[in-house]
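One structure is given below, encoded as structure tokens.
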Amino acid sequence: MLLHLLLLALHLLAAAFWVGGMAAMHFAARSAAVAVLEPPARLTFLSAALTRFFRGVQAALAALFLSGLAMFFLHAGFADAHWRVYAMFGVAVVMAGLFDHACKRVLPALQQAVTSCDWKAGAACVARIRRVVTINIGLGVAVFVIATVGRVVG
């Protein structure tokens, strides 16, 4: 029981960091940067902030998948798992794939654009990351709903 509670706490903290962090970056940091910074400073700031945030998300993803799988095998395994476990896992895989694309393809392109002072390319990269983040915020909210409402609806 204690192990389950520790795993669940780790799982929830990692999910809150990832989804909450995306919301903070999307609705607060980026919006503030657009409001007060010129493109060179804005893109340099966003590149640095996203680089740091993405490192944190990588750790959160590892914690999410390890704790989730540990709880899965600790309690039910495949035969007795509730539908919401499969739904959460499926959505998490999609979210992780989108993040992986942004982290391994788009963020390096943004960093290169900033290094070479190509502000137009940098802005395009930020727009691509923003689209991924928007989708992942929606999917993350869906996972929270599945996790909570799924307990009630059976």
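The values are calculated or read from the model by the stated rules, or taken from the named source; none is laboratory data. For clarity, every value in this text was computed on a predicted model and none was experimentally measured. Counting neighbours? That spans all protein chains shown, and the Cβs are built from the backbone with ideal geometry, glycine included.
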Worksheet entry | Members of the range 115-134 that are small (Gly, Ala, Ser) and either in contact (Cβ under 8 Å) with a residue 40 or more places away in the chain or not in a helix (DSSP H, G or I) (or both) | Ser116, Gly122, Ala123
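Table: residues versus (1) of a type in the set (S, T, N, Q); (2) in contact with a Phe, Trp or Tyr (Cβ under 8 Å, 6 or more places away or on another chain); (3) modelled with pLDDT of 95 or more.
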position: Leu66; (1), (2), (3): no, no, yes
position: Tyr86; (1), (2), (3): no, no, no
position: Ala92; (1), (2), (3): no, yes, yes
position: Ala102; (1), (2), (3): no, yes, yes
position: Pro108; (1), (2), (3): no, no, yes
position: Thr115; (1), (2), (3): yes, no, yes
position: Ala123; (1), (2), (3): no, no, yes
position: Asn136; (1), (2), (3): yes, yes, yes
position: Leu139; (1), (2), (3): no, no, yes
Practice prompt. Go over the candidates Ala24, Ala15, Ala32 one by one and state the one that is within 16 Å of the chain's Cα centre (by Cα) and either surrounded by fewer than 17 Cβ atoms within 10 Å (Cβ to Cβ) or modelled with pLDDT under 95 (or both).
Written response: Ala24
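Yes or no, residue by residue, for (1) surrounded by 14 or more Cβ atoms within 10 Å (Cβ to Cβ); (2) small (Gly, Ala, Ser); (3) within 23 Å of Arg30 (Cα to Cα):
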site: Ala70; (1), (2), (3): yes, yes, no
site: Ala76; (1), (2), (3): no, yes, no
site: Val93; (1), (2), (3): no, no, no
site: Gln112; (1), (2), (3): yes, no, yes
site: Ala127; (1), (2), (3): no, yes, yes
site: Val132; (1), (2), (3): yes, no, yes
Item to complete: Under 9 Å between Cβ atoms, at least 6 apart or on separate chains: pull out the pairs that start in the range 142-154 with a residue that is free of Cβ contacts under 8 Å to residues at least 40 places away in the same chain and end on any residue that is assigned to a helix (DSSP H, G or I) and surrounded by fewer than 16 Cβ atoms within 10 Å (Cβ to Cβ).
Response: Gly154/Trp83
Discussion item. Regarding the range 40-55, can at least one residue be identified that is of a type in the set (Phe, Trp, Tyr) and farther than 18 Å from Val106 by Cα?
Written reply: no
Discussion item. Given the criteria surrounded by 14 or more Cβ atoms within 10 Å (Cβ to Cβ), within 23 Å of Val34 (Cα to Cα) and without any contact (Cβ under 8 Å) to a residue 24 or more places away in the chain, does Ala49 qualify?
Written reply: no
Worksheet entry | Failed item, numbered, when Trp83 is tested on (1) on the phi < 0 side of the Ramachandran plot; (2) free of Cβ contacts under 8 Å to residues at least 40 places away in the same chain | (2)
Worksheet entry | Unmet requirement for Arg42, which otherwise passes all of (1) of a type in the set (Lys, Arg); (2) surrounded by fewer than 14 Cβ atoms within 10 Å (Cβ to Cβ); (3) farther than 23 Å from Phe17 by Cα | (2)
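With the range 1-96 as the region, which helices (runs of 4 or more DSSP H) entirely inside it contain at least 2 residues that are among the β-branched types (Val, Ile, Thr)? Show your work before the answer.
Working: elements: 2-23, 30-36, 39-75, 77-80.
Answer list for the range 1-96: 30-36, 39-75.
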